[in-house]
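Laboratory data are not the source of any read-out in this text; all were calculated from the coordinates shown. Worth saying up front: this structure is predicted, and the values here are computed from it rather than measured. We place every Cβ from the backbone using ideal geometry, glycine too, and count neighbours over all the protein chains shown.
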Amino acid sequence: MKIRPNAEFCAAFPDDAIWDDNGELVQAGGRNVAEMLAEVLRRNAYEVTSPKHQHEHGWDFEAKTRRAKFWLQVSDGGDEFSLMTQDWTLRLWPDRTHHAGLLDILDLAMRQDGRFSQIRWS
């Protein structure tokens, strides 16, 4: 089973980056995208933490089920966003079907939401 855990995509969400008066980044953009993806997973029976700001890296959160735990990070690259996922369960349980299921849920939700476009998994 080939897992493509990372995606690049365009998203038509309001720019939520915060800059100070000197043009320095105070809070990275992408929080709204991360919150939307976290909510998708919640609706699909995942227990999901609130996205946390990771400065220039963007926003990360965890999602878990009874048998699997994942880390996800959304980064705002200006013209495109990126999503990285890691299966933290692999260390204990080498079954990759849980990760594939999470990625299928995210892919379907993004493709059905008109705000997302040019979705490429790698």
Quick one: if the Förster radius is 25 Å, what FRET efficiency do Q54 and S122 give, using the C-beta to C-beta distance and rounding to 0.05?
0.75
Report the charge-dipole magnitude of the range 13-64 in Debye, nearest 20, computed about the Cα centre from +1 at each Lys and Arg Cβ and -1 at each Asp and Glu Cβ.
420
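Which order do V40, V74, V33 fall in if you start with the one that has the fewest other Cβ atoms within 10 Å?
V40, V33, V74
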Computed for the chain: size of charge dipole around the Cα centre, +1 on C-beta of each Lys and Arg, -1 on C-beta of each Asp and Glu, debye to nearest 20, value 980
Among E35, E24, E80, rank each residue by its count of other Cβ atoms within 10 Å, from fewest to most, as a rough exposure measure.
E24, E80, E35
Among V33, V74, P5, whose Cα lies farthest out toward the positive end of the dipole of the chain, if unit charges sit on the beta carbon of Lys, Arg (+1) and Asp, Glu (-1)?
P5
For the range 1-109, averaging the sequence separation of alpha carbon pairs under 8 Å that lie six or more residues apart and dividing by its residue count, the contact order in percent is 26
Treating the chain as a set of equal point scatterers at the Cα positions, no solvent, please give the Debye-formula log₁₀ I(q)/I(0) at q = 0.09, 0.13, 0.17, 0.21 Å⁻¹.
-0.24, -0.50, -0.83, -1.21
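How would you rank D113, D15, D21, going from fewest to most other Cβ atoms within 10 Å of each one's own Cβ? Please report the intermediate quantities before stating the final value.
Values: D113 14, D15 10, D21 5.
Placing the least packed residue first, the sequence is D21, D15, D113.
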In nm, the gap between the two label points placed 7 Å beyond Cα toward Cβ at L108 and N22 is 4.9
Summed side-chain charge close to V33 - residues other than V33 whose Cβ falls under 10 Å, Lys, Arg +1, Asp, Glu -1
-1
Need one number: nm distance between label points at R42 and C10, each 7 Å from Cα along Cα→Cβ, rounded to one decimal.
2.9
Over the Cα atoms of the range 7-63, each weighted equally, I'd like the Debye log10 I(q)/I(0) at q = 0.24 Å⁻¹, rounded to two decimals.
-1.00
